[in-house]
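Engineer: Here you go, one structure.
The values are calculated or read from the model by the stated rules, or taken from the named source; none is laboratory data. Source: prediction; values computed, not measured. Here the Cβ positions follow ideal geometry from the backbone for every residue, glycine too, while neighbour counts run over all protein chains shown. The protein model used for the area step is the full one, side chains on, heavy atoms only, and it has no ligands, DNA or RNA in it. Shrake-Rupley method; radii C 1.70, N 1.55, O 1.52, S 1.80 Å.
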Amino acid sequence: MRTINIGLTDKQRQGAINLLNRDLADSYLLLVKTKKYHWDVVGPQFMTLHKLWQEHYEALTINVDLIAERIRKLGGYPVGTMEGFLKICSLKEHPGNVPAATEMVSQLLDDHEHIVRNLREHIEQCSKEFEDDGTADFLTGLMEQHEEKAWMLRSFIEGEAVEADGLKPEIKKKMVGV
């Protein structure tokens, strides 16, 4: 194999590749979970969530490919099996469980926020430890997409919790001291 000469040492590139593979694994598991909930959602919000999750899994599909290609650009090989993904993934599956629609939203929100936190750490490591500003910039773009999806899901849950008087039940309890 020809030597890669892009201004990063093998150690720097391998550090970024390792982080990217972890991000790839998390993204792939989130893609699978989002598709599963897209298939399984029922109830009054079916159409809204079905369409929203289709948009989300289509974006995740593109990002999975982009992450894998970034790994290849750095001279590495992306993990490409479910076994491999599950070994390095930081997200958790919920096999055999088909939650209610709002719980589906909550679980996906938790996953997007988890990925955002991971990406913040990975951006920092790529920039400072591995001096790979290209990968740091790439991860920043991914983080911003996950922040947007988290906001959309959070807004859905907040909308579900608001009562006719505009106060969330937990806030109302605090106000009346119940």
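Engineer: Please list, ordered by first then second residue, the pairs with beta carbon atoms under 9 Å, 6 or more apart or interchain, first in region 1-28 and closer than 14 Å to Leu142 by Cα, second acidic (Asp, Glu) and open to solvent by 10 Å² or more (accessible area, probe 1.4 Å).
Structural biologist: Close Cβ pairs (under 9 Å, with a partner that is acidic (Asp, Glu) and open to solvent by 10 Å² or more (accessible area, probe 1.4 Å)) amount to Leu19/Glu121; Asp26/Asp111.
Engineer: If Val98 passes every condition in (1) aliphatic (A, V, I, L, M); (2) within 16 Å of Leu60 (Cα to Cα); (3) outside any helix (DSSP H, G or I) but one, which one does it miss?
Structural biologist: The failed condition is (2).
Engineer: Take region 99-108 and flag every residue that is open to solvent by less than 30 Å² (accessible area, probe 1.4 Å) and either free of Cβ contacts under 8 Å to residues at least 12 places away in the same chain or under 9 Å from the mean Cα position of the chain (by Cα) (or both).
Structural biologist: Pro99, Leu108, listed by residue number.
Engineer: Need a quick list: helices (runs of 4 or more DSSP H) entirely within region 1-92 having at least 2 residues that are crowded, with 20+ Cβ neighbours inside 10 Å. It would help to see each step written out before you state the result.
Structural biologist: Working: elements: 10-40, 46-73, 82-88.
Of the helices (runs of 4 or more DSSP H) lying wholly inside region 1-92, those with at least 2 residues that are crowded, with 20+ Cβ neighbours inside 10 Å span 10-40, 46-73.
Engineer: Any chance region 24-39 includes a residue that's β-branched (Val, Ile, Thr) and at pLDDT below 95?
Structural biologist: Checking region 24-39: not a single residue is β-branched (Val, Ile, Thr) and at pLDDT below 95.
Engineer: Does region 116-146 hold any residues that are open to solvent by 40 Å² or more (accessible area, probe 1.4 Å) and touching a residue at least 24 places away in the same chain (Cβ under 8 Å), and which are they?
Structural biologist: Passing the criteria: Gln125, Glu129, Glu131, Phe138, Gln145.
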